[in-house]
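Here the structure is laid out as structure tokens; the discussion comes afterwards.
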Amino acid sequence: MAFTIPAKKVKVYLVGDSTISIKPVSKYPETGWGMPFAYFFDESVEVDNRAQNGRSTKSFINEGRWKAVTDSLKKGDYVFIQFGHNDEAKAKSTYTTEQEFKSYLEKYVNETLKAGSFPVLITPVARRRFDSEGNVKESHELYSAIVRNVASAMKVPMIDLDRKSMALMQEMGAENSKLLFNQLIPGQHPNYPAGINDNTHFNEYGARRIAELVLSELKKLNLELANRIVKR
């Protein structure tokens, strides 16, 4: 009788900010892209979404959240690392300088590798910003460049979600790209009775489209994890 040996189970940790995180029901339809991402793999993969709203590379470490991940890491696990939104915000306590951001990313990578796990760096997903001529505008130029440089210098996989999400928004256009985000008119949803005009956080459709971008890029990286993506 022919049989196949089940694939060894692996865990994929997601660390980052509100664009990835799991949302409480009180925030729906706001959806982090890590939520639909978890359903694109076969039963050998467990996605552990540790991302939290408002966190930067610095605050995620200072709150002990990163240590909780490294304490759990096993050989062969994956860690997807996407920060930047709150690192670059100078008015927030989560702000990190460009040099600090670089150093913290290196720490995430080194400690993941030390555990025998696989780090995947991800540039911060773009905000919805267009100029008067309908061209999408850069959201994270400096901090995305740092992610690219760290990935190149440390020779670790990188997904350029900033550029890929910008391309998606450009393809959809200034008006239709609103369909990706948590934008509601007054009275449309009980969680937002006054409506909301959010160009940073996704709705369920937008989160799925962003998750699909990540998965598409993951396949191009030739990581073993890509073999576990369910064909859809």
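If only residues of region 60-92 that are of a type in the set (S, T, N, Q) and outside any helix (DSSP H, G or I) are counted, the one that is most open to solvent (accessible area, probe 1.4 Å) is 72. Go through (1) farther than 19 Å from residue 207 by Cα; (2) assigned to a loop (DSSP other than H, G, I, E, B) for residue 144 and report which single condition fails. Looking at each condition in turn, residue 144 falls short on (2).
Checked across region 22-32, the condition of being of a type in the set (A, V, I, L, M, F, W, C) and open to solvent by less than 30 Å² (accessible area, probe 1.4 Å) holds for no residue.
Among the residues of region 93-125, those identified as of a type in the set (A, V, I, L, M) and outside any helix (DSSP H, G or I) are 115, 120, 121, 122, 125. Scanning region 180-232 for residues that are under 13 Å from residue 33 (Cβ atoms), part of a strand (DSSP E or B) and touching an Asp or Glu at 6+ places or on another chain (Cβ under 9 Å) yields 181, 182, 201, 202. Within region 65-80, residues that are over 10 Å from residue 12 (Cα atoms) have Cβ atoms under 6 Å from residues that are surrounded by 12 or more Cβ atoms within 10 Å (Cβ to Cβ) in these pairs: 66/60; 69/13; 69/50; 70/111, counting only partners at least 6 apart in sequence or on another chain. Inside region 7-21, residues that are in contact with a helix residue (DSSP H, G or I) (Cβ under 9 Å, 6 or more places away or on another chain) and among the charged types (D, E, K, R) make up a count of 1.
So, in region 98-124, of the ones that are in contact with a strand residue (DSSP E or B) (Cβ under 7 Å, 6 or more places away or on another chain) and of a type in the set (Phe, Trp, Tyr), which residue ends up surrounded by the most Cβ atoms within 10 Å (Cβ to Cβ)? Within region 98-124, the match that is surrounded by the most Cβ atoms within 10 Å (Cβ to Cβ) is 108.
When region 196-232 is filtered for residues that are free of Cβ contacts under 8 Å to residues at least 12 places away in the same chain and either in contact with a helix residue (DSSP H, G or I) (Cβ under 6 Å, 6 or more places away or on another chain) or open to solvent by less than 40 Å² (accessible area, probe 1.4 Å) (or both), the ones remaining, listed by number, are 219, 226.
Table: residues versus (1) surrounded by 15 or more Cβ atoms within 10 Å (Cβ to Cβ); (2) among the aromatic types (Phe, Trp, Tyr).
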| position | (1), (2) |
| --- | --- |
| 133 | no, no |
| 141 | no, no |
| 149 | no, no |
| 158 | yes, no |
| 162 | yes, no |
| 167 | no, no |
| 171 | no, no |
| 181 | yes, yes |
| 190 | no, no |
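Going residue by residue through region 65-79, is there one that turns out to be at pLDDT 95 or above, closer than 26 Å to residue 230 by Cα, of a type in the set (A, V, I, L, M) and touching an Asp or Glu at 6+ places or on another chain (Cβ under 7 Å)? Within region 65-79 (the criterion being at pLDDT 95 or above, closer than 26 Å to residue 230 by Cα, of a type in the set (A, V, I, L, M) and touching an Asp or Glu at 6+ places or on another chain (Cβ under 7 Å)), the answer is no, since none of the residues qualifies. Can you find a residue that is open to solvent by 20 Å² or more (accessible area, probe 1.4 Å), at pLDDT 95 or above and β-branched (Val, Ile, Thr) anywhere in region 46-59? Yes, region 46-59 has at least one match. Among the residues of region 144-189, those that are in contact with a helix residue (DSSP H, G or I) (Cβ under 7 Å, 6 or more places away or on another chain), in contact (Cβ under 8 Å) with a residue 40 or more places away in the chain and either β-branched (Val, Ile, Thr) or farther than 28 Å from residue 221 by Cβ (or both) comprise 146, 147, 150, 156, 159.
The values are calculated or read from the model by the stated rules, or taken from the named source; none is laboratory data. Values in this document were obtained by computation on a predicted structure and should not be read as measured data. Using ideal geometry, Cβ is built from the backbone for each residue, glycine included, and neighbour counts are taken over all protein chains shown. In case anyone asks, the SASA skips ligands and DNA or RNA and just uses the protein heavy atoms, side chains included. Shrake-Rupley method; radii C 1.70, N 1.55, O 1.52, S 1.80 Å.
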